[in-house]
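The values are calculated or read from the model by the stated rules, or taken from the named source; none is laboratory data. These figures come from a predicted structure and were not determined experimentally. Cβ atoms come from the backbone with ideal geometry, glycine included; neighbour counts cover every protein chain shown. These accessible areas exclude ligands, DNA and RNA; they are computed on the full protein's heavy atoms, side chains included. Shrake-Rupley method; radii C 1.70, N 1.55, O 1.52, S 1.80 Å.
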Amino acid sequence: MSLIKYVALALLSIVAGMAQAADDKPAVVIGLSAEFGVKNSLAAQSIEKGMLLAIDEINTAGGVLGGRKLRLDTRDDRGVPARGQDNFRELAANPDVIAVFSGRFSPVTIELAPLASQLKVMLLSPWAAADVITKQPQPSYVFRLSMTDSWAMEAMLNHAHKRNFRQVALLVPNTAWGRSAEAALLDYQKSRHNIRHITLKYNWGETDFRKKIQEAIDFGSEAVILVSNEAEGAPIVRQIAELPIHKRLPLIAHWGITGGDFAKITGPALQSVDLSVVQTFTFNDSVNNKTAQIAKGVQRLFGHDIKQLHAQVGFAHAYDLTYLLAMAINKAGSSDREAVRNAMEQLGNYRGLVREYNHPFSKTDHEALDKRQLFMGRFDKFGNVQKINEK
């Protein structure tokens, strides 16, 4: 063998060995426990896609910690808190899992929050909005990139005030979510504007809301403040659309209805009612310079146009939160869970999809968003949310 060939083979062997060594580095695993098995809900799938695209981009750019890849490990909790707890414990038992993302349902995430501190594994919430989720004992292992229910209620009631609605019906589930919403409305009445209201409660799984709609009309309501997910929101929209035009009360809705393909399950009724919904993000009105890049990534990884992506807030929040986690891992310089948790509170700037983050978390504030990200939107004829330009 000639000297040149020998040197070439030796170099190839070294390069191959280096590549093998990089491949042998253990992945840093991110867990996700969400409600994949809930009928008509697409929020979990959207959260997963946001995480997967961010992971793909980060890994393509070299991964974390000098070459370790990120990997996603997903579980279905079906929206059941006990299943979510089992999933969290199972994921936390894997020492390579650095953090666990939750899904859209606050009752599940609320039950996971104490486990995060107990097991010292970060819980990252890209959707669940109950205020109490981040109110954990220090040092808290719970971080959220989403809105809160109190911010949502304030935005909805501000919208009602701007439209000169002074009497409203608050239609809420007979759950902690509904009680929290009513408490927020009462606080708003005391400190902001004099809005009279009637509270109408329903149970999960109800399908006939005609009596409650009539109660709202009899009270003299000028609008309905709707707190619901798509399962109950869809029949409410359809049953309001059945009424004569002059009796169709405007609906001002919490974002729970955007967790699925709301336009599909409501049908033509959606365009027959006056419905606005609180949001934090929509690709239809995004002027972020990341949008074109992400649209290409969605097409490449998932094979569909970004306009076909439902539950877009879940995607956008999860995408940004995955990047913030990767930044914390690199800042910590290791995959030690406590070190990464501490680094999350010390992050600098990141230009994300939802907003530009400047020190998104601190020791006393684990909310990456604030009220300024909230806006009211409407569904267009394609089922996408368009921002309402309010003065």
Taking Glu345 as the residue in question, decide whether it is farther than 21 Å from Leu32 by Cβ, out of contact with any helix residue (DSSP H, G or I) (no Cβ under 8 Å at 6 or more places or on another chain), open to solvent by less than 30 Å² (accessible area, probe 1.4 Å) and not aromatic (Phe, Trp, Tyr). yes
Picking from Arg372, Arg378, which residue would you name as being assigned to a strand (DSSP E or B), surrounded by fewer than 16 Cβ atoms within 10 Å (Cβ to Cβ) and among the basic types (Lys, Arg)? Arg378
Over region 204-245, the set of residues open to solvent by 70 Å² or more (accessible area, probe 1.4 Å), of a type outside the set (Lys, Arg) and under 13 Å from Ser272 (Cα atoms) is Glu242, Ile245
Restrict the check to region 246-256 and report whether at least one residue is open to solvent by 10 Å² or more (accessible area, probe 1.4 Å), in contact with a helix residue (DSSP H, G or I) (Cβ under 9 Å, 6 or more places away or on another chain), more than 20 Å from Asp149 (Cα to Cα) and not in a loop (DSSP other than H, G, I, E, B). yes
Starting from residues that are assigned to a loop (DSSP other than H, G, I, E, B) and open to solvent by 50 Å² or more (accessible area, probe 1.4 Å), keep the ones in region 38-70 and report whichever is farthest from Gln312 (Cα to Cα). Gly66
Determine if region 116-126 includes at least one residue that is over 24 Å from His359 (Cβ atoms) and either open to solvent by 40 Å² or more (accessible area, probe 1.4 Å) or hydroxyl-bearing (Ser, Thr, Tyr) (or both). yes
Scan region 156-178 and report the pairs whose first residue is under 27 Å from Trp204 (Cα atoms) and whose second residue is surrounded by 21 or more Cβ atoms within 10 Å (Cβ to Cβ) and of a type in the set (S, T, N, Q), with Cβ atoms within less than 7 Å and a gap of 6+ or a chain change. His159/Ser276; Gln167/Ser221; Val168/Ser221; Ala169/Ser221; Pro173/Ser228; Trp177/Ser106
Of all residues in region 271-305, how many are surrounded by fewer than 17 Cβ atoms within 10 Å (Cβ to Cβ), among the aliphatic types (A, V, I, L, M) and closer than 28 Å to Asp149 by Cβ? 1
Among the numbered criteria (1) closer than 24 Å to Ala155 by Cβ; (2) in contact with a Ser or Thr (Cβ under 9 Å, 6 or more places away or on another chain), which single criterion is violated by Leu226? (2)
Residue list for region 71-90, restricted to those being closer than 19 Å to Leu321 by Cα and crowded, with 23+ Cβ neighbours inside 10 Å: Phe88
Please go through region 71-96 and pick out each residue that is part of a helix (DSSP H, G or I) and among the acidic types (Asp, Glu). Asp86, Glu90
Per-region count, region 62-104, residues more than 15 Å from Leu124 (Cβ to Cβ) and touching a residue at least 60 places away in the same chain (Cβ under 8 Å): 5
